Amino acid sequence: MNTSLRYGWDVDLMHMNYFFGFQWIIEALVLLFLHSTILLILMSQRTVMMEDIRRGYLIDQIGMIL
């Protein structure tokens, strides 16, 4: 079964489902590992950073994880 995209390309529907599923897996891994790692680095006491800048980055990272 084929489906036609906006510009007229014929793409197999099964392959499109695989690609979208793979994209979802990559996004989930980024949310789980990358943002969590950045959050841990920001919460470390050894990170030298002005307190207001650190607080802004912490709020941003927590917002991305949630």
Q.
Suppose the filter is surrounded by 10 or more Cβ atoms within 10 Å (Cβ to Cβ), within 23 Å of the chain's Cα centre (by Cα) and at pLDDT 80 or above; does residue 23 pass it?
A. yes
Q. Taking the condition aliphatic (A, V, I, L, M), surrounded by 10 or more Cβ atoms within 10 Å (Cβ to Cβ) and at pLDDT 80 or above, does residue 39 pass?
A. no
Q: Could you identify the single residue in 11, 48 that is among the aliphatic types (A, V, I, L, M), part of a strand (DSSP E or B) and modelled with pLDDT under 80?
A: 11
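The values are calculated or read from the model by the stated rules, or taken from the named source; none is laboratory data. Source: prediction; values computed, not measured. Backbone-built Cβ (ideal geometry, glycine too); neighbour counts: all protein chains shown.
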